[in-house]
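All remarks here apply to the structure that follows.
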Amino acid sequence: MLLEINPHNPQPRLVAKVVEILKNGGVVAYPTDTTYGIGCSIFSKKGIERIYQIKQRDRKKPFSFICTDMSEIARYARVSNYAFKQLRRLLPGPYTFVLEAATVVPDLLQTKQKTVGIRIPDNEICLAIVRELGAPIVTTSANLSGEDPIGNPWAVEHELGKQLDLVVDGGDLSADVSSVVSLIGDRPEVLRKGVGDVSWCE
C-alpha cells in the first residue's frame, strides 16, 4: 500500500498512521535524504528479523538506525567531544556515523565490536515519523542485498510491497547511499563513500 505524504510539511494524521504500524511491529518503506529506506522500531525484534528476510541480508551485518537530534544520539551512543563537534556540524545530512553503542541499543543492531551506525537524514518525513514514534527506526536501503537502491516509491512498491506493511510516498529520490564514517577514536575513518562529502576526513 502506498501512502503519499507531503515531503515539506508532513501531515500529522498521515504520520500517525505510519507510526501505528511501527508500534505494532510493522515494517515500512520511507524516504530519506538519499534514497528509500526500509525500517521498523529498533525495539521490534520481529520487525528486524523480517527486514533481514526481505533484504536477504547476512545476519552478521547489523542495520543502522535513524535518530532525530543530538540528544537522542547521545542516548543510544557514546559520543566523544571530537565526534560531537563533527555530528553537530554535518547533521542532518547524508551520513551514517559509526559510534560506540550505549547499553540501551538492542544486540541485534550492534556489531561484535559493540558499535552502531546512526543517521539523522535531512528529510522531514522520516524525522517526523521517528519523533512521533518516540524511538529510532532501522534504516537500510530499500532493495535486496547486493542490488542497486531504489529511489522511486512506485518501484519500491512493485519490488518489495508484498513483503512490507506500507510504502510511504515522499516523491522521487536519488538511488544514492549515505557516506559511512567511523568516529571511534579521534580520527575519522571513511568506510563507504556516498553522497556526503568526506574530504574533511583526509
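The values are calculated or read from the model by the stated rules, or taken from the named source; none is laboratory data. Here the structure is a predicted model, which means the values were calculated and not measured. Ideal geometry is used to build each Cβ from the backbone, glycine not excepted, and the neighbour counts take in all protein chains shown. Note: areas computed on protein heavy atoms with side chains; ligands, DNA, RNA excluded. Shrake-Rupley method; radii C 1.70, N 1.55, O 1.52, S 1.80 Å.
For first residues located in the range 37-59 and under 23 Å from Asp148 (Cβ atoms), partners that are in a helix (DSSP H, G or I) and of a type in the set (S, T, N, Q) and lie 6+ apart or on another chain with Cβ distances below 9 Å form the pairs Arg50/Gln163; Gln53/Gln163; Ile54/Gln163. Checking every residue in the range 129-148 against the condition of being of a type in the set (S, T, N, Q), more than 13 Å from Gly37 (Cα to Cα) and not in a helix (DSSP H, G or I) gives zero matches.
All of (1) assigned to a loop (DSSP other than H, G, I, E, B); (2) within 21 Å of Val15 (Cα to Cα); (3) in contact (Cβ under 8 Å) with a residue 40 or more places away in the chain hold for Gly196 with one exception: (2).
Looking only at residues that are part of a strand (DSSP E or B) and either open to solvent by 70 Å² or more (accessible area, probe 1.4 Å) or charged (D, E, K, R) (or both) in the range 90-126, which one is farthest from Gly185 (Cα to Cα)? Quick ask: steps written out before the conclusion?
Going through the range 90-126, the residues part of a strand (DSSP E or B) turn out to be 95-101, 115-119.
Keeping just the survivors that are either open to solvent by 70 Å² or more (accessible area, probe 1.4 Å) or charged (D, E, K, R) (or both) gives 100, 119.
Numbers: Glu100: 10, Arg119: 18 Å.
Among residues in the range 90-126 that are part of a strand (DSSP E or B) and either open to solvent by 70 Å² or more (accessible area, probe 1.4 Å) or charged (D, E, K, R) (or both), the one farthest from Gly185 (Cα to Cα) is Arg119.
Within the range 61-78, residues that are of a type in the set (Gly, Ala, Ser) have Cβ atoms under 7 Å from residues that are modelled with pLDDT of 95 or more and open to solvent by 60 Å² or more (accessible area, probe 1.4 Å) in these pairs: Ala77/Glu100, counting only partners at least 6 apart in sequence or on another chain. Screening the candidates Asp172, Asp186, Asp148 for the property of being acidic (Asp, Glu), over 15 Å from the mean Cα position of the chain (by Cα) and at pLDDT 95 or above yields one hit, Asp172. Considering the range 159-176, the residues that are in contact (Cβ under 8 Å) with a residue 60 or more places away in the chain and in a helix (DSSP H, G or I) include one that is surrounded by the fewest Cβ atoms within 10 Å (Cβ to Cβ), namely Gln163. Cβ separations smaller than 6 Å between residues 6+ apart or across chains give the following pairs from the range 6-20 residues that are more than 16 Å from Gly171 (Cα to Cα) to residues that are in a helix (DSSP H, G or I): Val18/Ile129; Val19/Glu132; Val19/Leu133.
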